[in-house]
1. Identify, by number, the condition in (1) charged (D, E, K, R); (2) at pLDDT below 95; (3) under 24 Å from Asn138 (Cα atoms) that Glu52 doesn't meet.
2. Considering only residues of region 140-156 that are of a type in the set (A, V, I, L, M) and at pLDDT below 90, which is surrounded by the fewest Cβ atoms within 10 Å (Cβ to Cβ)?
3. Every residue in region 121-133 that is under 27 Å from the mean Cα position of the chain (by Cα) and at positive phi, please.
Amino acid sequence: MSGPLDSNHLQLGYVTGPHGVRGALEIKLFNPESSALEPGVRVVFSARGGAEPATHFEVQRGAPKPGSDRARLWLVGVETREAAEQLRGCELWIAREDLPELDDDEFYLADLLGFEVVRRRPDESFESLGEIVGVTSNTAQDLFEVRLRGREWLLPAFAPFLVAIEDRRVIVDVHDELLPAGGDER
């Protein structure tokens, strides 16, 4: 979920296309339970890869699509299907200060980029399994992209795989089968 905006913004998803004829958008959300898209919140749309300047809008209203990772979103100033179509494929970003406050045991996946991934050995020392270099989703779950000795592997971003987060490290419980070939070399 990296993009053209600075670290003060997080990507919430992207526009899959228009919905209806009055300017509504269909949005693919990385977190379908997110409550961030409240009326009045400012959001930013940018072309994938940042090829064009970002466009800022105010949320007029949003509606989740039950049982889906999609939502409908209405923006102030986007009132036609043609205007909504112009945003197809754009990434949806929000400023951190506009995000809901997190509980003590919650974190944003993007905040773990650059953290080392380790697992505890039987002797209680830690084995490095690489560094988190990205976040992705396979529609069923969020995954960290972890780089280990030039190879990447995917780490499910939830318990029981994630054990703890401390000192810029993510402590995990994973079997060798999840690691890239040669991942158990010392």
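1. So Glu52 meets the others, but not (3).
2. If we filter region 140-156 for residues that are of a type in the set (A, V, I, L, M), which is where we start, we get 140, 143, 146, 148, 154-155.
From the residues that got through so far, the ones that are at pLDDT below 90 too are 140, 143.
On the way: Ala140: 8, Leu143: 19.
Per the stated criteria, the residue is Ala140.
3. So in region 121-133, the residues under 27 Å from the mean Cα position of the chain (by Cα) come out as 127-133.
Hit for region 121-133 is Gly130, nothing else.
The values are calculated or read from the model by the stated rules, or taken from the named source; none is laboratory data. Predicted model, so just to flag it, every value in this text is computed and none were measured. Backbone-built Cβ (ideal geometry, glycine too); neighbour counts: all protein chains shown.
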